[in-house]
Amino acid sequence: MPPDSDGVPNKTRRDFLKKSSFLTAAAFVPVTVVNAAVNQWDEKLASVFEKTSLHLEVNGLALNLSVEPRTTLLDLLREQLNLTGTKKGCDRGQCGACTVHADGMRINSCLSLAVTNEGKKITTIEGLSKGQELHPMQEAFIKHDGFQCGYCTPGQIMSAVALIKEGHAGSEMEIREYMSGNICRCGAYPNIVNAIQEVKTGGLS
Amino acid sequence: MKKDAIGDSLSRVDGRLKVTGGAKYSGEFKITGLTYGVLVPATITNGTITSIDTKAAERAPGVLKVITYLNATKVPGYQPDESKPASKGLKLFNDNKIHFNQQPIALVIADTFERATYAASLIKATYQKEPFKTNFHQNIDNSMVPQGGNYKDYIRGEADAYKNAPVKIEQAYLLPSEIHNPMELHVTTAFWNTDGKLTVFTKSQGVISSQKAFANAFKIEQSTVQINSRFVGGAFGSSLRTWPHEIAAAQAAKMLNRPVKLTLTREQMFTLVGYRPQTIQKMGIGATPDGQLVGITHESLSQSAVYEEFTERSVNVSRFLYASPNANTRYKVVPLHVGVPAPMRGPGEATGAFALECALDELAYALNMDPIALRLKNYADADPEKNLPWSSKYLKECYQKGADKIGWEKRSSKPGTNREGDWLVGYGIGCGAFGAYRNKAQAYIKLLADGSVNIKSATSDIGPGTGTSMVLIAADILKISAEKITFDLGDSSLPEAPTQGGSATVSSVGSAVHDVCIALKKKLNTLTGKPENNEDLDYAKILKQQNLPFIELTQGSEGTDEAKNYSMYSFSAHFVQVHVHALTGAWRIKKVVAVVDAGKIVNNKTASSQMIGGAVGGIGMAMTEEAIIDDRFGRLVNGNLADYHVPVNADIPQIEAIFINKPDMHTNPLGTKGIGEISLIGVAPAIANAVYNATGKRIRELPITPDKLI
Ligand code: FES
Ligand code: FES
C-alpha cells in the first residue's frame, strides 16, 4: 500500500470502508451495510466486491473465475486450481520455474497478475501431454536425464517447447542463451540442451 | 526376461512424475482448511524488540492469527529444564532478542497467501538497538577456537615445517558466503490430528531426523510425528537440519488448530536456512627443489553466528591428500550477527581443496614443475593422517584419464602465452577427496503374487535419484526387470534410514536393499528346500506353489570393522579449460572433465548427472556466487536470484563425467564410495588454476569476476 502524504502508510481498508460508510450512511447507504461495518462483517463483503471476474482457458478447459486483482497467475494455478506442476522458485521473475504458455508464448506466471490474462489460453505442464502420451520434450528430458530434483523441470520444459517455436533453438549456443531464464540449481543444463537438440532435430510439431 | 544390473543406465523411476508436474513437493498437497503463514523479518541486526504492534495486521481481511514472542505458546523443547540445557540454535518467538537482520519477529496466518502477505506488511515494531558485528574481515581479531570438540589443532611431525623448505608458498585464500539456493523454496505444512498426532509435510533431507526434531521440540513421542517428504526440490545441505521456522509452522498449527503452510520467500532463503560461510584460509606449503613436500600448514578462519557455533570443516583435506611428512592444521571461528551457516555440498572439503589445490598449483609454478607431476611426486600410497592403508584409491588413474580427455599436452607451462584471437586459453587441475561413509539403515521388502517387488526405506531423494538406484540394486540381485520393482521413500513411518548427506545414501541404504534382497532369496530357498545360494528363482511360481499371497521381511544393515582397518575416501580430479578475454576479463568455461574414483557406480545415467551438477555448483562457487552484506545495516543486499548469480545455462559447457568404476571391496557389499560431494570438491581450484594459466593472474579471492581479471 502506498504511503499517504504524511509518509504514513494508509489505514486499512476497513477504516476506509467505515469512514465512507459513515459519511454516506445518512444519505443512501442501507442500515445493514452500516451495521456490517460496525460489526466487522464488512471484510467479507469487501472481499466479494474486491474480486474480479476472470475468464481463462486453462489446458483446454474454459473457466469462469472470481479472483482478487493482486493474485498472480502462478498463485491462481497453484493455490486455487490445484495445478501445482507450475513451480514457484522466487516469485520475482528471476528463475523461470513458473513458466507457462499464455496464448502460446512463454511467460513467467509469477510476474503476471491473473486478471491481466483475461480471455487467454493458458497451458501448463499438466496440459502438455496428450493423455498418457508424453510430449516429445517430456520424453527427451527423461531420456537425457535433463533434471535431478525435478523442481525447475516443468518450467524448463515449457520454456523449451516455446523456444523451438520461437526459432531460438538453432545452435547449442543459441539454446543455452535462450534457456538462461530458467535456473536449474541441480545443474542439469548440458542434459537439458541435449534434450532440446534431440527434439529440434527430430522435428517438433 | 530383461535383467537390469548395477552399472546400467536406467532412466529415473520417477521421471514421468517429474516431467508431467505430477510430482508433489511439500507445499503442494490439497489439505482441507489450509491456512497460509508469512514471516515478518526484523529490521535491526542486534538488540531487543521493545514493542510490536500487530493490531492493524490482526484486523486485516482474512487474518486468523499473528504470532509473536508475546503471545506464542511456549515450545516445550525450547525451555531449559534441570536435566539438560535447552536445545541449541535459534528459538523463534521464544523471547524478544534479535541476533541477526531479518530474523523473524512475527508469523502472520491468514486464509490466503495474498492476505497473509499483505497483513505481514502492517506489523510495526520498535527496537532497542545494540552494536553489531557483521564484517568478517574486520572482526578476525575476535576469532576463537571452536568450542565443539571436533575441531582441535592437528600436528604431524613438526609444525610449520614448510617455513624451512627451500621452495615455499605462503598465501591466504578467501571465499565469500555462498547460499544453497535450491530451486524449491523451503516449505512446511503442519497439522495436528485430534488424537494429538502431528503430521508435517516438509522439505527434508532426512525424515527420521526431522521426526526426532519435531518430537523433541514438542516433547511428544517420536512415533506420534509423521513426516512426509517424498519429493524434495533440491537442498544441497540446506535441509539437513530442522529449522526454527519449521517448528514455528507446527506451533502455529497447534495454536490455531488448523493446518498451516509456511513458505519462505527467496529472500528469506538467504538468511534462514544456512549457507557456506566466508572463510580465510592461510596456507603454507614447502618443498625441496625436486618437488618433494616438506610441510603443509593450513589454518582456516570461518564465519559463525553469535547464537550458535558452526565450523566450516576446511582443513582436514590438507592432512591426508598428499604425502607430506609434516602437516599442521588449525580451526578458528569468528562469531558474527548473522544467521547460522550450514554444511553446503562438499562441506569443508570443497572450501579446503580450494586453498590446498591452488597453493599446490602455485608451488608447481615456483618449482617449474608440471602440476600433475608434482601431485604424482607426492602421491600418498597410504593415509598419512590415520596411518592406515586406503580401502581403494585410483587417483593416479584419474589424473591420467582427465589429462588425456582435456588435452593437457596443449597446456602452456608459461601463463598468459596461449592465445586464440582475443581470448587467452588456460588449463587447470583441482583434486579432492571425501570420506566414504556408511551408516545404519533398514529396508523392507514385499514380494507379491505376480512376482513384483516393493521395497521401502525412510531415506530421501533430494535429486540424485535414490529410488532409481535402489531399484537397480534390487533388480541386479533379484535378477528381475526394474519395471517389476517399486521403491518408497521420504516417509518417516518406513523402516529407519539415515539422513541424505555426506554422500552416503547408496552406501548405507543401498547396502540395506542389497541385504534385504539376499535375505528374501534365502528365505525362498529355505521354503522350497533349495540350497541357500540357489539363484534359479521363479518368484511368482514359488509363491503360488507355497500358496502364499506375498512374502515380506525387513532387514537392518550396517558397516563392519573394515572402517577401523582402512581409510575410506572417494577421490576426484577435475580438469578445466577456460578462455579469458584479454581486454574485458570476460570468461568462458570451455570444457570440464570430471574424473572420479567413487568405487562401483550403480546407475551410470544418474551418477553422470550428479557429477555434472556438482561441476556446475563448482563453477558458481568459482565464478559467480557471493552473498554481500552492507555492514552499515548488517543486511544482505543481494538476497535474490537476480543479484546473487547462480550459474545459468549460458555459463555452462558440455561437462564430461568419467568414472574409474572399480568396486571398493572394503566399504560395503556394493563397493560404492559416494559421489554427491566429490562432484563439487576440486572444481573451483581447477578453474582458478586454469585462469592463472590463461592470464598469469592468480586470483585468491572468489568469485573470479571479470573485474578481477583486468
Ligand atoms: S517463480 Fe516466477 S520466475 Fe521464479
Ligand atoms: S532439476 Fe533441480 S533445479 Fe533443476
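The numbered conditions (1) open to solvent by less than 90 Å² (accessible area, probe 1.4 Å); (2) at pLDDT below 65 are all true for A:THR72 except (2). Among what's in region A:109-126 and is aliphatic (A, V, I, L, M) and either modelled with pLDDT under 95 or open to solvent by 30 Å² or more (accessible area, probe 1.4 Å) (or both), pick the residue that is nearest to ligand 2 (Cβ to nearest atom). Of everything passing the filter in region A:109-126, A:LEU111 is nearest to ligand 2 (Cβ to nearest atom). Pairs meeting the criteria (first residue in region B:214-233 and without any contact (Cβ under 8 Å) to a residue 40 or more places away in the chain, second residue open to solvent by 70 Å² or more (accessible area, probe 1.4 Å), beta carbons under 7 Å, at least 6 apart or on different chains) are B:ALA215/B:GLU221; B:GLN222/B:LYS212; B:THR224/B:LYS197. Filtering region A:92-108 to residues that are within 16 Å of ligand 2 (Cβ to nearest atom), in a loop (DSSP other than H, G, I, E, B) and either β-branched (Val, Ile, Thr) or within 7 Å of another protein chain (Cβ to nearest Cβ) (or both) leaves A:GLN94, A:CYS95, A:ALA97.
Only one of the numbered conditions (1) surrounded by 20 or more Cβ atoms within 10 Å (Cβ to Cβ); (2) assigned to a strand (DSSP E or B) is not met by B:ARG375, and that is (2).
Yes or no, residue by residue, for (1) open to solvent by 10 Å² or more (accessible area, probe 1.4 Å); (2) part of a loop (DSSP other than H, G, I, E, B); (3) farther than 27 Å from B:PHE236 by Cα:
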residue	(1), (2), (3)
B:ILE675	yes, yes, no
B:ALA688	no, no, no
B:LYS697	yes, yes, yes
B:LYS708	yes, no, yes
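B:ALA650 meets the conditions (1) under 22 Å from the mean Cα position of the chain (by Cα); (2) within 14 Å of chain A (Cβ to nearest Cβ) in every case but one. The failed one is (1).
Answer yes if at least one residue in region B:110-125 is assigned by TED's automatic domain parsing to the domain that holds B:LEU256, open to solvent by 70 Å² or more (accessible area, probe 1.4 Å) and over 28 Å from A:THR72 (Cα atoms), and no otherwise. No - not one qualifying residue is present in region B:110-125. Right, A:VAL29: more than 14 Å from ligand 1 (Cβ to nearest atom), at pLDDT below 95 and in a helix (DSSP H, G or I) or not? No.
Taking B:ARG266, is it surrounded by fewer than 20 Cβ atoms within 10 Å (Cβ to Cβ) and within 16 Å of ligand 2 (Cβ to nearest atom)? Spell out how you get there, then give the answer.
Working: surrounded by fewer than 20 Cβ atoms within 10 Å (Cβ to Cβ): no; within 16 Å of ligand 2 (Cβ to nearest atom): yes.
Answer is no for this residue.
Taking into account only those residues within region B:181-194 that are away from ligand 1 (no atom under 16 Å from the Cβ) and out of contact with any helix residue (DSSP H, G or I) (no Cβ under 8 Å at 6 or more places or on another chain), which is modelled with the highest pLDDT? By that ranking, first place goes to B:ASN193. Which residues, taken from region B:173-229, are over 26 Å from B:ALA350 (Cα atoms), within 14 Å of another protein chain (Cβ to nearest Cβ) and more than 16 Å from ligand 2 (Cβ to nearest atom)? B:THR189, B:PHE201 - these are the residues of region B:173-229 that are over 26 Å from B:ALA350 (Cα atoms), within 14 Å of another protein chain (Cβ to nearest Cβ) and more than 16 Å from ligand 2 (Cβ to nearest atom).
Condition first: away from ligand 1 (no atom under 14 Å from the Cβ) and within 22 Å of B:GLU28 (Cβ to Cβ). Can you find one or more residues in region A:83-93 that meet it?
yes
Please verify whether B:GLY634 is within 16 Å of ligand 1 (Cβ to nearest atom), closer than 30 Å to B:PRO131 by Cα, open to solvent by less than 50 Å² (accessible area, probe 1.4 Å) and modelled with pLDDT of 95 or more, treating the condition exactly as stated. Spelling it out, it is not the case that B:GLY634 is within 16 Å of ligand 1 (Cβ to nearest atom), closer than 30 Å to B:PRO131 by Cα, open to solvent by less than 50 Å² (accessible area, probe 1.4 Å) and modelled with pLDDT of 95 or more. Against the criterion of being in the same structural domain as B:PHE310 (by TED's automatic domain parsing), β-branched (Val, Ile, Thr) and either over 30 Å from B:VAL167 (Cα atoms) or more than 19 Å from the chain's Cα centre (by Cα) (or both), B:ILE247 does not qualify.
Just for helices (runs of 4 or more DSSP H) wholly inside region A:148-205: which have at least 2 residues that are closer than 25 Å to B:HIS180 by Cβ?
On the way: elements: A:153-166, A:172-178, A:189-202.
Correct list: A:153-166, A:189-202.
Select from region A:147-180 the residues that are aliphatic (A, V, I, L, M) and either closer than 21 Å to B:VAL13 by Cβ or more than 7 Å from chain B (Cβ to nearest Cβ) (or both) and list them in ascending order. Talk me through it step by step, then tell me what you get.
Filtering region A:147-180 down to residues aliphatic (A, V, I, L, M) leaves A:157-158, A:160-164, A:169, A:173, A:175, A:179.
If the condition is that a residue be aliphatic (A, V, I, L, M) and either closer than 21 Å to B:VAL13 by Cβ or more than 7 Å from chain B (Cβ to nearest Cβ) (or both), then A:ILE157, A:MET158, A:ALA160, A:VAL161, A:ALA162, A:LEU163, A:ILE164, A:ALA169, A:MET173, A:ILE175 are the ones that fit.
Does at least one position in region A:181-193 carry a residue that is out of contact with any Lys or Arg (no Cβ under 8 Å at 6 or more places or on another chain) and either over 27 Å from B:SER238 (Cβ atoms) or away from every other protein chain (no Cβ under 11 Å) (or both)?
Just the residues of region A:181-193 that are out of contact with any Lys or Arg (no Cβ under 8 Å at 6 or more places or on another chain), to begin with: A:181-188, A:190-192.
If we keep only those that are either over 27 Å from B:SER238 (Cβ atoms) or away from every other protein chain (no Cβ under 11 Å) (or both) as well, we get none.
Checking region A:181-193: not a single residue is out of contact with any Lys or Arg (no Cβ under 8 Å at 6 or more places or on another chain) and either over 27 Å from B:SER238 (Cβ atoms) or away from every other protein chain (no Cβ under 11 Å) (or both).
Scanning region B:647-667 for residues that are open to solvent by 10 Å² or more (accessible area, probe 1.4 Å), part of a loop (DSSP other than H, G, I, E, B) and touching a Lys or Arg at 6+ places or on another chain (Cβ under 7 Å) yields a count of 3.
Restricting region A:78-89 to residues that are open to solvent by 10 Å² or more (accessible area, probe 1.4 Å) and in a loop (DSSP other than H, G, I, E, B), the residue that is farthest from the other protein chains (Cβ to nearest Cβ) is A:LEU81. Only residues that are open to solvent by 60 Å² or more (accessible area, probe 1.4 Å), closer than 23 Å to A:GLN148 by Cβ and more than 16 Å from ligand 1 (Cβ to nearest atom) were counted in region A:173-196, giving 1.
With among the charged types (D, E, K, R), over 20 Å from B:ILE612 (Cβ atoms) and more than 8 Å from every other protein chain (Cβ to nearest Cβ) as the only criterion, which of A:GLU133, A:GLU126 stands out? It would help to see each step written out before you state the result.
On the way: A:GLU126 fails: more than 8 Å from every other protein chain (Cβ to nearest Cβ).
A:GLU133 is the lone residue from the list that is among the charged types (D, E, K, R), over 20 Å from B:ILE612 (Cβ atoms) and more than 8 Å from every other protein chain (Cβ to nearest Cβ).
The values are calculated or read from the model by the stated rules, or taken from the named source; none is laboratory data. Just so it is clear, the structure is predicted and the values come from calculations on it, not from any experiment. Every residue, glycine among them, receives a Cβ derived from its backbone with ideal geometry; neighbour counts consider all protein chains shown. Remember, those area values only see protein heavy atoms, side chains included, never the ligands or the DNA or RNA. Shrake-Rupley method; radii C 1.70, N 1.55, O 1.52, S 1.80 Å.
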